[in-house]
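The values are calculated or read from the model by the stated rules, or taken from the named source; none is laboratory data. All values derive from a computational prediction rather than experimental measurement. Glycine also receives a Cβ, built like all others from the backbone with ideal geometry; neighbour counts cover every protein chain displayed. To get the accessible areas, we keep the full protein, side chains included, count just its heavy atoms, and leave off ligands, DNA and RNA. Shrake-Rupley method; radii C 1.70, N 1.55, O 1.52, S 1.80 Å.
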Amino acid sequence: MKSHDPRLIRNIGLFGHGGSGKTSLAEAMFFNAKMLTRLGKITDKNTVMDWEPEEMDRQVSLGMAVGYIKHGKTLINLIDTPGDANYVPDARNAMSAIDMALMVICSASGIEVQTERYWELAVEQKKPRALYINKLDRERANFDAVLEEIKQTFKVIPVPLVVPIGQEDAFEGVVDVLLGKAYRYAKDGSGKCEEIPIPETMTDRIEELRMQAIESIAESDDELMERYLEDQELQPEELVAALGKGLSQGSIVPLLSGSATLNIGVDLLLNFIEGSGPSPLDVPPLQAHDVSDVEKLIEVVPATDGAFAGLVFKTIVDPFAGKLNLLRVFRGGLSANAEARNATREANERIGQPLKMQGKKQEPVDDIVCGDIVALAKQRDTRTGDTYVDAKAPLIFDMIKIPDGSLSFAIEPKTKGDEDKIASALQRIQEEDPSLHTRRDAQTKQLILTGMGQGHLEMTIERIRRKFGVEVLLKAPKVPYKETIRASVKEVRGRYKKQTGGRGQFGDTVINLDPLPSGSGFQFVDKIVGGSIPRQYIPAVEKGISEAAERGHLAGYPVIDFQVQLVDGSYHTVDSSEMAFKIAGSMGFQTAMQKAQPTLLEPIVDMEITVPEDKTGDVMGDMNSRRGRVLGIDSKGRNSVVRVQVPLAEVLRYEPDLRSLTSGKGCYVSSFSRYEEVPHNLQAKIIEESKRESEE
């Protein structure tokens, strides 16, 4: 495949809530551009973009997919993103690689929560935005209602370019507002259409929309605006060019409509992308950091003749095909088999043969040009977020921001002895999905896997099984309770004496045990005077107490926030040893704990829960039932942000509950706050469960 002129490249991302029809729209675009001989369907499991087995089984996108379209002389790189909250990080990665975000909205469901999140992300990253109202053939489809919702939710006045003729069962075609032409389509998915007169019931509205569109477009070009005010006629090609200018500047948000599954209006969408979509050379300069001085910013101006610079926005790992890295080139270019510098890893990588991705299929490309999106194979050290540069251009782009995961599970092999296989599989899968995190909990000794939600983690386990042949179990992680004391005890003796046939063991300690403020940890104070315990044995006493504190007293959980003062003791010149004093210290601590009113502590987390306004009361009531404390409520558009503090034990599996409570429209972030005492009525149950687990 030959490379393209950057001016004729379009990098488009499809964003929207799950079920809005993004994958079907991509399929119709491929078909209309004659990239396919047959229009695939999600229900038939034969679309270009949903190619992972898990996606075909569930009939939903579970990660971004990349394809390309040749439309006329234009190369359109298309990125289809998942609309499920579990896979938001992939959509964020895609946003960093595109030049225009096309928000796909279901005409029956309207604007849903993930669409709002993606719109905010596009605004944050200053990406040009366009809208596509899809599924106008569906029951309860309402173009005007969605148009009004767009104005209220996104706070913009969109420019309708393509509006429907009829809705629901009566939907039969669309009107091109700027050209003033109407088209009736066949409903067999062929995309065939015929030009028809604009229905009389629509003529006045179309003329009104046309004049509004021309005025909005003219405002983006001073010369056109001057001619418009002088009542001069503006030519279609002038309007198309000015529309592209306004789109790139963010002053115009075009709106198109149709039906992806019926393939109605998709051809006009392709024409719009070709004629008015921003090219890679139209986007504003990017900010990068100087490798030698990260505080120094460098402006990266898109250009064909500049030093090569690009960003790896996705890593795909396959145990058979190896690793593929998707690269967006922002400046300059490279030929096949050239060498580039991975500025992030400080390593050189040989490019090899660049590839164009068409779903799971790959096609070699001659070279890499500015603005293009290609896949690089066999890159040794590269992964998502890395910056590729020419050695002469020592710069690095900001790392792609990955949101923190919201749900954790303990992970363990189904078959004993597969621990090493799990570790290897997790390492590979995290290269592909950096939103996954693993850690070994030092207290519970469990391997903890954290992701965006239950669906995300379950899908990860399926992929580990399919790709790496490892069967894995997910279990709710143990709550890392702690123990502490509420009272002081004085002069508690710990005495260890053991006499055998030869040399015996003798250690004698006297300690004071006092509670400390939260967060103080363990403090050991040596108050021995007069040599009642020789200096060489005192560290052993501290170690014995420390190890006993790790094992706990009530339920085997670590004891925190206490002070031990070693105030007295005795020794034997022959029988005393470090081991004897270590045991004596441990015995004294255990005895003191019994008298110091020991109690259990539980971790408390801070949560910010974003939900639709009408679900705020439900969420607050649910939090109250979980022993949560509502700290405040903030408004955010049509949503509320509920700030709460709640015991970790009550929200270990909160993500699926929140999705059920809010019909999938809620999301949250959480962080550790502090430890608090467990209510007395719950302590006995926790202690009993801990003892039972220890016996097992």
- Could you grab the pairs with beta carbons closer than 6 Å, sequence gap of 6+ or different chains, first residue in the range 373-393 and in contact (Cβ under 8 Å) with a residue 60 or more places away in the chain and hydrophobic (A, V, I, L, M, F, W, C), second one open to solvent by 10 Å² or more (accessible area, probe 1.4 Å) and not in a strand (DSSP E or B)? Val389/Ala343; Ala393/Ala307
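Quick check: anything in the range 276-286 part of a strand (DSSP E or B) and either open to solvent by 30 Å² or more (accessible area, probe 1.4 Å) or among the charged types (D, E, K, R) (or both)?
Yes, the conditions are met somewhere in the range 276-286.
Please list, ordered by residue number, the strands (runs of 3 or more DSSP E) wholly in the range 468-567 having 1 or more residues that are open to solvent by 50 Å² or more (accessible area, probe 1.4 Å). Let's see the steps before the verdict.
Details: elements: 472-475, 482-485, 489-498, 505-515, 522-526.
Strands (runs of 3 or more DSSP E) meeting the threshold: 472-475, 489-498, 505-515, 522-526.
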- Note on the structure: The residue that is least open to solvent (accessible area, probe 1.4 Å), considering only those in the range 444-457 that are outside any strand (DSSP E or B) and in contact with a Lys or Arg (Cβ under 8 Å, 6 or more places away or on another chain), is Gly453
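What is the residue count in the range 191-239 for residues that are within 30 Å of Leu36 (Cβ to Cβ) and in contact (Cβ under 8 Å) with a residue 60 or more places away in the chain?
Narrowing the range 191-239 to residues within 30 Å of Leu36 (Cβ to Cβ): 191-196, 236-237.
Still in the list and also in contact (Cβ under 8 Å) with a residue 60 or more places away in the chain: 191, 193.
The number of residues fulfilling the criteria is 2.
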- Filtered residues of the range 152-208 (kept if under 40 Å from the mean Cα position of the chain (by Cα) and of a type in the set (Lys, Arg)): Lys155, Lys187, Lys192
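Per-residue answers, yes or no, for (1) under 29 Å from Pro278 (Cβ atoms); (2) hydrophobic (A, V, I, L, M, F, W, C); (3) buried (at least 21 other Cβ atoms within 10 Å of the Cβ):
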| site | (1), (2), (3) |
| --- | --- |
| Asn348 | no, no, no |
| Pro354 | yes, no, yes |
| Lys361 | yes, no, no |
| Arg380 | no, no, no |
| Ala391 | no, yes, no |
| Met399 | yes, yes, no |
- Residue pairs qualifying under the 9 Å Cβ cut-off, at least six apart or on distinct chains, with the first in the range 22-41 being over 13 Å from Asp267 (Cα atoms) and the second being of a type outside the set (Asp, Glu) and surrounded by fewer than 17 Cβ atoms within 10 Å (Cβ to Cβ), are Ser24/Lys41; Met35/Lys70; Arg38/Asn46; Leu39/Ser190; Gly40/Asn46
- Task: Considering each of Ala91, Ala108, Ala101 in turn, give the residue that is surrounded by fewer than 23 Cβ atoms within 10 Å (Cβ to Cβ) and either farther than 23 Å from Gly310 by Cα or of a type in the set (Gly, Ala, Ser) (or both).
- Result: Ala108
- Message: Against the conditions (1) without any contact (Cβ under 8 Å) to a residue 24 or more places away in the chain; (2) more than 20 Å from the chain's Cα centre (by Cα), where does Gly67 fall short? Just the number, please.
- Response: (1)
- Task: Return the only residue of Asn263, Asn271 being buried (at least 23 other Cβ atoms within 10 Å of the Cβ), at pLDDT 95 or above and not small (Gly, Ala, Ser).
- Result: Asn263
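Rundown of residues vs (1) among the charged types (D, E, K, R); (2) open to solvent by less than 40 Å² (accessible area, probe 1.4 Å), yes/no style:
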| residue | (1), (2) |
| --- | --- |
| Glu120 | yes, no |
| Lys126 | yes, no |
| Thr153 | no, yes |
| Pro160 | no, yes |
| Tyr183 | no, yes |
| Thr201 | no, no |
| Arg205 | yes, no |
| Glu208 | yes, no |
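Which of the residues belonging to the range 288-334 are part of a loop (DSSP other than H, G, I, E, B) and small (Gly, Ala, Ser)?
First, the residues of the range 288-334 that are part of a loop (DSSP other than H, G, I, E, B): 291-292, 301-308, 319-321, 332-333.
Across the range 288-334, the qualifying residues are Ser292, Ala303, Gly306, Ala307, Ala321, Gly332, Gly333.
Residue-wise test of (1) outside any helix (DSSP H, G or I); (2) of a type in the set (S, T, N, Q); (3) farther than 25 Å from Leu327 by Cβ.
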residue: Met56; (1), (2), (3): no, no, yes
residue: Val60; (1), (2), (3): yes, no, yes
residue: Leu78; (1), (2), (3): yes, no, no
residue: Tyr87; (1), (2), (3): no, no, no
- Task: Inspect the range 485-502 for any residue being farther than 30 Å from His553 by Cα and modelled with pLDDT under 85 and give the result as yes or no.
- Result: yes
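Go through the residues of the range 578-585 one by one and say whether even a single one is of a type in the set (A, V, I, L, M, F, W, C) and surrounded by fewer than 19 Cβ atoms within 10 Å (Cβ to Cβ). Spell out the reasoning first.
Keep residues of the range 578-585 that are of a type in the set (A, V, I, L, M, F, W, C), which gives 579-581, 583-584.
Now narrow it down to the ones that are surrounded by fewer than 19 Cβ atoms within 10 Å (Cβ to Cβ): 579.
For the range 578-585, residues of a type in the set (A, V, I, L, M, F, W, C) and surrounded by fewer than 19 Cβ atoms within 10 Å (Cβ to Cβ): present.
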- Query: Residue check: is Leu25 aliphatic (A, V, I, L, M) and either assigned to a loop (DSSP other than H, G, I, E, B) or open to solvent by 50 Å² or more (accessible area, probe 1.4 Å) (or both)?
  - Reply: no
- Just one of Thr438, Thr460 is within 26 Å of Cys667 (Cα to Cα), of a type in the set (Val, Ile, Thr) and crowded, with 20+ Cβ neighbours inside 10 Å; which is it? Thr460
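Considering only residues that are of a type in the set (Asp, Glu) and either without any contact (Cβ under 8 Å) to a residue 12 or more places away in the chain or in contact with a Leu (Cβ under 8 Å, 6 or more places away or on another chain) (or both), look in the range 617-655 and name the one that is farthest from Leu600 (Cα to Cα).
Asp634
Just checking, how many residues over the range 42-58 are more than 22 Å from Ile264 (Cβ to Cβ) and either in contact with a Lys or Arg (Cβ under 9 Å, 6 or more places away or on another chain) or surrounded by 21 or more Cβ atoms within 10 Å (Cβ to Cβ) (or both)?
Residues of the range 42-58 that are more than 22 Å from Ile264 (Cβ to Cβ), as a first pass: 45, 51-58.
Pick out the ones that are also either in contact with a Lys or Arg (Cβ under 9 Å, 6 or more places away or on another chain) or surrounded by 21 or more Cβ atoms within 10 Å (Cβ to Cβ) (or both) and you get 51-57.
Summing the residues that are more than 22 Å from Ile264 (Cβ to Cβ) and either in contact with a Lys or Arg (Cβ under 9 Å, 6 or more places away or on another chain) or surrounded by 21 or more Cβ atoms within 10 Å (Cβ to Cβ) (or both) in the range 42-58 gives 7.
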